[in-house]
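Bear in mind that the values in this text are calculations on the coordinates, not laboratory data. Note that the coordinates shown come from a computational prediction; the quantities given were computed from them, not determined experimentally. Counting neighbours? That spans all protein chains shown, and the Cβs are built from the backbone with ideal geometry, glycine included.
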Amino acid sequence: MPWPMRRTRVLVVDDEPLVASAARRLLARAHEVLVAHNGRAALAMLEDAAFDAVLCDITMPHMTGPELHARLSSTRPEVAGRMVFLTGGVLDGRAEQFLREHARWCMGKPFDPGALLVLVAERIASADALAPCRGMV
């Protein structure tokens, strides 16, 4: 008998409670979902648990999405490679540059529910496709 599939885990990181709640409800249809309301809280959660994807706002207090990505890129690159970004406001030059560099994995707010589900699923699938190659080069 085949092993049961493990339910994928997604961390939602957004300082706007309504956006975080809407994303959690939407993603909970297919994933186990936890929420952090800022980048610092997300870092703590990522130290204690494994996630298949991280859905992260770009503009937040305490630590922005790009700052969280930079921190994870140096400490947990496998997690940084599983991030999807949301944005819904005016951005400074650095945030705009970050979005240009990561445009494939970004979505505007308000987000289209179906498109967000597809984007998160694609991000998980793309990271999983690389998993067997890690550590081989």
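With a Förster radius of 25 Å applied to the beta-carbon distance between residue 7 and residue 62, the computed FRET efficiency rounds to 0.25. Each Cα pair under 8 Å and six or more residues apart adds its separation to the average, and for the chain the resulting relative contact order is 20 percent. Highest mobility in the GNM of the chain, judged by mean-square fluctuation with C-alpha springs under 10 Å and restricted to 59, 87, 75, is found for 75. Of the residues 39, 81, 114, the one that moves most in a GNM of the chain with alpha-carbon contacts below 10 Å is 114. For 124, 58, the sequence from fewest to most other C-beta atoms within 10 Å is 124, 58. Between 33, 12, 118, the residue with the greatest mean-square fluctuation in the GNM of the chain (Cα pairs under 10 Å linked by springs) is 118. I want to make sure I understand the PRE zone here: with the label point 7 angstrom from the Cα of residue 94 toward its beta carbon, which residues in segment 34-54 have backbone N atoms less than 20 Å away? Counting backbone N atoms under 20 Å from the label point, the list is 38-44.
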